[in-house]
1. Are there GluC sites (Glu not before Pro) in region 499-553 that DSSP puts in a loop and that have at most 14 other Cβ atoms within 10 Å, and which ones?
2. Please sort by residue number the trypsin sites (Lys or Arg not before Pro) in region 35-82 whose DSSP state is loop and whose Cβ has at most 15 other Cβ atoms within 10 Å.
3. Using the beta-carbon distance between residue 685 and residue 316 and R0 = 56 Å, what value does 1/(1 + (r/R0)^6) give for FRET efficiency, to the nearest 0.05?
4. Between residue 676 and residue 96, what length comes free when the chain is fully extended (0.36 nm per residue of separation minus the Cα-Cα distance, one decimal in nm)?
5. What's the exposure ranking of 607, 465, 421, going from fewest to most Cβ atoms within 10 Å?
6. Starting from the Cα of residue 235, step 7 Å toward the Cβ, then list every residue of region 308-343 with an amide N under 18 Å from that point.
7. Put +1 on the Cβ of each Lys and Arg and -1 on the Cβ of each Asp and Glu in region 209-360; which of 290, 325, 227 then has its Cα farthest toward the positive end of the dipole?
8. Label 7 Å along Cα→Cβ of residue 302; region 311-353 residues with amide nitrogen under 16 Å?
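None of the figures in this text is laboratory data; all of them are computed from the coordinates on show. This is a predicted model, so every value here is computed, not measured. Note that each Cβ is placed from the backbone with ideal geometry, even for glycine, and that neighbours are counted across all protein chains shown.
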Amino acid sequence: MVEIDIEKENKAIAQEYKELLRISYQTLSPDDKKLIRKAFDVAVDAHQDQRRKSGEAYIFHPIAVAKIVASEIGLGATSIAAALMHDVVEDTDVTVEDIEKMFNPKVAQLVEGLTKIAQVQKDLNVSMQAENFRKMLLTLNDDVRVILIKLADRLHNMQTMDSMVEHKQIKIASETLYIYAPLAHRLGLYNIKTKLEDLGLKYTEPAVYNEIVSKIKETKEEQDAYIKDISDVLKTSLDLEGVEYTIKGRPKSIYSIRRKMLAQGVSFDEVYDKFALRIVYKSNPHDEKFLAWKIYSIVTDHYRPSPSRLRDWISSPKSSGYEALHITVMGPKGRWVEIQVRSERMDEIAEKGYAAHYKYKQGATEESGLDVWLNLLKEALENPETNAVDFVEDFKMNLYSKEIFVFTPKGEIKSLPKGATSLDFAFSIHSEIGVKTRGTRVNGRLVPLNTELKSGDQIEIITSTNQKPTLNWLDYVTTSRAKNKIKNVLNENTKKIGEEGKELLTRKLKHLKVTVNEQTINELVNFFKLKTSLDLFYRVGIGAIENQQLKDYAAQKSNTLMNFFKNKIKRSPSTADEDIHKQVISSNYDMLVFGPEQDKLDYKLSTCCNPIPGDEVFGFVTINEGIKVHKKDCPNAISLQSNYAYRIIQAKWIDSSQQEFKAVLNITGMDTLGLTNQLTKVISNNMHVNIQSISLSGDAGIFNGQVTVVVQNNVILKKLIENIKKIDGIDKVIRVNKN
């Protein structure tokens, strides 16, 4: 019986291999096919005794990754071979040297880059996961293909996660939303980005995901009919003009619908542009732009466009290489519809990103947007000073940021992330210009350094050789390039002042008859509530620590016994918490339980999302504050579960009748007579609900209110929200995370 199964499996493996060669985006030469065959044989041999969690032969995974690399990303034979062998070095006795001997240095380099970083000892103060991300991102320096194959590997892992335990699913899905989907976005792999985001949502918020999926299915027929209506109208005119084209409807991704629902506080039915229409036209390179605007003209003959929502990425492509014309028009039944216009070349670049971009480049000397971006990244990546979590956060900002296009005084165009300031622009020209910036002019007018730029602005930088960055500059910039350079210059100054401060401190302490050694320095750092010895020396250097304070320290040190008792007293619970209004909850029996054993542990409710009983939550083990409890849809959840998965513990409410909790509701509507009266009546008529604070205001017929209520659990809260929504004139009721 087993023999037949093995035979069947071998046939399936052979079939998958043939499919891999067939779907390759690039034309494979006989040598390419030999290389891929050899890599396939090595992988089959290396993984022959391995099976995946689902029970199938492990080799199906590398083949699936190679298929994504070949067809969806469009890389060539070297990358396909590396994808087939991406787990060989990690899982078997084969070494990178062996691969170099069997193949060539390039294949070996890619496999080495892909070999997963061995997990080092977990240290609660440092996120190993963020460190791993940093190491992975550093491979962008060597060869961007490593990251592209890594994305294919992650996509296939996400597609086959059903047989995993839940906490692993959540960890992997959180990492995907946190770093891999933004990377795919930045590298122009929009198809892969969409799949990663949707699968990420499927495992981090399954109930939300399933609800949106079922709603999309329910409305599919209606959507298809609507798209057909518009397509039929446009086809007639496009045919008349002799344009060669295809029109296809493209539903918005599940993840982007969810993002819109959250950002605008609307329900699924209230999200209007749930789909887009794409017109892909045939054209020679010379007529591409002309034809795009001709199609724009035809579309706007039939449907009125929204001028504020026209996006022209043909004249100024995104730095990922994306080109298209996006027009939002008022379609039938008063609904906005986005229409994307692209040539076949643009469509390929949008689908395949990097690979297609290079296919069409054909030896052009001009750097592509992607090359420019990769070169910029090298500066950020090579800065060893940054803490891993900060680094990854900075890096992420540059991944998802939208772009603006601005001009130099000579009229050259520059791309910057949305939100960039005039000081960011100075650093984008050159680091040395940034450091010496004394002032900035935007459109001829002198403006502050932190002025946010808009597309179309023309910026001039005024420099001075005496100018130096100050600490405030870090608040004036948003790009990691500018931040890193400013930090480096500030650190150099700090170290210089610190060295002078150290000599000065040694002299002063000798005068006070205090021996200077490592213990003394540590005691002083604690005495002044600082973090490092450099902080201490720097403060002495700039004169922020006075002689009297050093005398106080010397006096305290001389009475060591008193000091011992003082420390004992000091170690009672910190009052610093009061500053941050941290909400402490006692571990009442029958409340929140943790882990598979349902342990009752001390915990605090996090103030970033204010969970209440009944909310879906998880525990996070902090360094100094014990367990903090967060809602599963907390704004910080994805980052925590991704960077610190080993500190997450399962948590759930088992009974909540013993305690009451605060929730904040934002209410908007039309300001009608008696609305306030009705609102307070509805809230106070709800059993088990008390109003703690209420602030209401009206502005030109619009009603805005914020109500803080005290409830026992979220079932009562949901009921209350439903009742408020029924009041005539109320438009939206949204529970907000922050108090």
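1. 546
2. Sites meeting the loop and neighbour criteria: 52, 53.
3. On the way: r = 57 Å, r/R0 = 1.02.
Result of the calculation: an efficiency of 0.50.
4. Gain on stretching residue 676 to residue 96: 201.6 nm.
5. Numbers: 607 14, 465 6, 421 25.
Sorted ascending by nearby Cβ count, the order is 465, 607, 421.
6. 332, 340
7. 325
8. Within reach of a label on residue 302: 327-342.
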